[in-house]
Each structure stands twice: as C-alpha cells, then as structure tokens.
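> Attaching a single structure in structure tokens format; questions to follow.
The values are calculated or read from the model by the stated rules, or taken from the named source; none is laboratory data. Model, not experiment: these values are computed from the prediction. Cβ atoms come from the backbone with ideal geometry, glycine included; neighbour counts cover every protein chain shown.
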Ligand code: 6PG
C-alpha cells in the first residue's frame, strides 16, 4: 500500500504527459490492484510501458504486459505501449522497434518513473547476472538471454534506467533478503542502477530488508 500510494502520488505531480515503466513478475501485482482502485491517478495523461517483457505472445500467461493489463489497467482506456510480438520477427527487432516507441513517448524529456522488481539472483528488469545486456551502453531497450535457461527477454538497459527521474524497486519476502543486501553493496545487476542520475527508492518489507 505504501508503494501504491507513492506511485500514485508521483503521477499527480505536473500537468503534461507522464510516463511510467511497469515492472513484471509477481511482486507488483498486488500493488497494481491497489492503484487500480484509486481515482486520483492521472490515468488519462499517463503513458504506460514495460520495464521488461518476456518473448512470448501478448496473451501468454508469462507476459508481463498481460499481468499489468489484468491487474492495473483493467478496463480503463489508457495509453499502454507494449513491445511487438506478432509484428516482430525476433526479440532484437521488437526491442529496436520498442526503443523507437519509447523515444517518441519520452521526447526530449526522460523516463519519469520506472518500476522494478528484484530477483533472488540480484537481477532487475531482465538484466540478469552474466547476461549480454549488462554491457549495453547505447541502446535504451534490448533483447537479452537468461544464461542458465536460454530464455529470450526484452529489457530496459542501464542507459535507460540511469536517465530516469525516479526508479522504484519493490521487493518482498525473505527469499530476496540476500539479493537486497548484495544490491545495496552494488554487487548485483540491480545494484548498478545507482550508477546514473535517477532518484532511487527501495520499497521493502521487513523480511526482504532483514539483512540490511
Ligand atoms: C520479470 C521481472 C523480473 C522480476 C523479478 C522478481 O519479467 O519477471 O521483470 O525482473 O521483477 O524476477 O520476480 P517476482 O516479483 O516474481 O519475485
């Protein structure tokens, strides 16, 4: 609820368009459902996009976009931008197309808010330990591969995350405590989000913060 209220509060600042990158996985779903119940969110002036996505059809149960549609956006008429799957031949082509979409949303400005989760291995978005995307220095959105499984992903890169105004990391449960500690020591991919100019907020519960 604290994270939901903070995200809603951030959407109310300013008067023009506002953009927010949505995290995937299971942690944010409960927060999205709380935000979905709030009327004082600037729904009609927000451009929603995805901090990362799996390389699966939009309707696939593994899709982060499908989860965000179901939990947060529901029946609302909002601007929700998703990386193409059917219209793209490869993850690389989809990521390149999506980067152009995001640049048109950001314009000369920058990402306003990017929501992120944290994996037990210290990954965030789809920036996995030992994966190629960790080394991206130019493109804002890239295809990536999970080393252990070969699974294809699409993810915001560090250049995009470092350029954001706010990064909000949400992590709960004892299974994330070690990754939180290691991230605060900047020894994980999630820890490297601190290398840019973004204001970073970690929203943790007692269990995930228990080793700090
Ligand atoms: C994804 C997410 C990923 C997620 C972490 C935590 O595509 O799965 O973007 O970075 O945030 O893996 O996942 P849980 O919230 O399910 O623990």
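> Of the numbered conditions (1) surrounded by fewer than 18 Cβ atoms within 10 Å (Cβ to Cβ); (2) modelled with pLDDT of 95 or more, residue 110 fails exactly one; give the number of that condition.
(2)
> If you don't mind, another one. If you check residue 194 against the conditions, is it touching a strand residue (DSSP E or B) at 6+ places or on another chain (Cβ under 8 Å), surrounded by fewer than 17 Cβ atoms within 10 Å (Cβ to Cβ) and farther than 21 Å from residue 2 by Cβ?
yes
> Quick check on my filter: what residues within segment 44-73 are more than 10 Å from the ligand (Cβ to nearest atom) and surrounded by fewer than 17 Cβ atoms within 10 Å (Cβ to Cβ)?
Answer for segment 44-73, where residues must be more than 10 Å from the ligand (Cβ to nearest atom) and surrounded by fewer than 17 Cβ atoms within 10 Å (Cβ to Cβ): 44, 45, 57, 58, 59, 60, 61, 70.
> For segment 201-208, check the following and say yes or no: at least one residue is surrounded by 23 or more Cβ atoms within 10 Å (Cβ to Cβ), at pLDDT 95 or above and farther than 22 Å from residue 5 by Cα.
Here is the first cut: in segment 201-208, the ones surrounded by 23 or more Cβ atoms within 10 Å (Cβ to Cβ) are 208.
Pick out the ones that are also at pLDDT 95 or above and you get 208.
Within this subset, residues satisfying the condition of being farther than 22 Å from residue 5 by Cα are none.
No, because not a single residue in segment 201-208 is surrounded by 23 or more Cβ atoms within 10 Å (Cβ to Cβ), at pLDDT 95 or above and farther than 22 Å from residue 5 by Cα.
> Being within 20 Å of residue 53 (Cβ to Cβ), within 16 Å of the ligand (Cβ to nearest atom) and in contact with a helix residue (DSSP H, G or I) (Cβ under 7 Å, 6 or more places away or on another chain) narrows it down to one of 160, 134, 127, so name that one.
The conditions single out 127.
> Can you find even one residue in segment 168-178 that is more than 25 Å from residue 8 (Cβ to Cβ), more than 15 Å from the ligand (Cβ to nearest atom) and part of a helix (DSSP H, G or I)? Talk me through it step by step, then tell me what you get.
Going residue by residue through segment 168-178, those that are more than 25 Å from residue 8 (Cβ to Cβ) are 174-175, 177-178.
With more than 15 Å from the ligand (Cβ to nearest atom) added as a condition, the list becomes none.
Within segment 168-178 (the criterion being more than 25 Å from residue 8 (Cβ to Cβ), more than 15 Å from the ligand (Cβ to nearest atom) and part of a helix (DSSP H, G or I)), the answer is no, since none of the residues qualifies.
> Please verify whether residue 122 is assigned to a loop (DSSP other than H, G, I, E, B), over 14 Å from the mean Cα position of the chain (by Cα) and on the phi > 0 side of the Ramachandran plot, treating the condition exactly as stated.
In short, yes.
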